[in-house]
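Values quoted throughout were computed directly from the atomic coordinates according to the rules given, and no laboratory measurement underlies them. Just so it is clear, the model here is predicted, and its values are computed rather than measured. Backbone-built Cβ (ideal geometry, glycine too); neighbour counts: all protein chains shown.
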Amino acid sequence: PHGGGILTGNGTDIVTNNTIYGNKATLRGGGVYVVGINANNTFANNTFYNNNGGTSGGAFYTTNATNTLINNTFYNNTANNGAGIFTVDGTNTISNNILWGNTVAISGPDYYVNGPNNNTFTNNLLQLAATHYPTDASLPYGIGTAASGNIFAQNPLFVDDTDPDGADNIHRTADDGLSLQAASPALNVGTATGAPATDITGTSRPQGAGIDIGAYEKTAILCGARVGTWAD
């Protein structure tokens, strides 16, 4: 009933550069379920899409744990409450993530808090308007008194969200559909604090003026670069 993709308890886990998709839990945590007051985990450079969390936490559910979620992409996950991230107690640092296109039957399409709220959101792209997310510890949508740099209700402009693994049908490669277009508002606006040195494909961060939000770093194109065979 819990953790359709990953279930982890007390301990220290580092989960990076994974594609977590198409998982289902009947109760909580379609993609990931984390439990334990001694848990201290980092989730970085992962994509969570098409997961179903049943009653709560379509992509990610955590209770009583300490987690850092940085540079992940949460797309098209579903649950009754909290289709992207659902937290209960614990302390969660949530930075440089894209939460977009997630849907719920009741409330909290990208984020929902039940219990003491010790979460801090910095430099994330969230799908609802800013008025939906108080900058305090209130329930169920407070994003923390130290929240800053977040983007609200702006389409991240994925390359092709209908084809997450791209034309080559291989996840975590350059043609992935959840990578970002050149006009994406998520480019160059992430925090460098704690950000992974590379993205989900192994591309170095940053490629531009700053860290991109989400699992993918947009590859820089050098001015004047030419592709093809040229005769001088």
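Some observations on this one:
- For region 45-110, average projected area of the Cα convex hull in nm²: 3.7
- Förster radius 22 Å - calculated FRET efficiency between residue 40 and residue 198, Cβ distance, rounded to 0.05: 0.45
- All-pairs alpha carbon distance profile, region 1-120, 5 Å steps from 0, percent: 3, 15, 26, 29, 21, 6, 0
- A simple charge model with +1 on the Cβ of Lys and Arg, -1 on the Cβ of Asp and Glu and nothing else charged puts the dipole of the chain at about 400 debye relative to its Cα centre.
- Among 74, 86, 43, the residue with the largest mean-square fluctuation in a Gaussian network model of the chain, with springs joining Cα atoms closer than 10 Å, is 43.
- Surface/4 of the Cα convex hull for region 73-178, nm²: 6.8
- log10 of Debye I(q)/I(0), alpha-carbon scatterers only, for the chain at 0.08, 0.13, 0.15, 0.17 Å⁻¹: -0.27, -0.68, -0.90, -1.17
- Computed extension length for residue 139-residue 89: 16.9 nm, one decimal, from 0.36 nm per residue of separation with the Cα-Cα distance subtracted.
- In terms of its alpha-carbon gyration tensor, region 92-137 comes out oblate; a/c meets the 1.5 threshold, while b/c is at least as large as a/b.
- Top of 215, 44, 146 by mean-square fluctuation, Gaussian network on the chain, Cα under 10 Å: 146
- Only Cα pairs under 8 Å and 6+ residues apart enter the sum, and on that basis the relative contact order of the chain stands at 14 percent.
- Note on residue 106 and residue 13: the model spin-label points, each 7 Å out from Cα along the C-beta direction, lie 2.5 nm apart.
- Vicinal HN-Hα couplings computed from phi for region 206-217 (Karplus, 6.51 cos²θ - 1.76 cosθ + 1.60; Hz; Gly/Pro x): x, 9, x, 6, x, 6, 7, 7, x, 6, 10, 9
- Under 5 Å between amide hydrogens, built in the peptide plane, is the criterion, and for residue 198 it picks out 205 among residues at least 5 positions away or on other chains.
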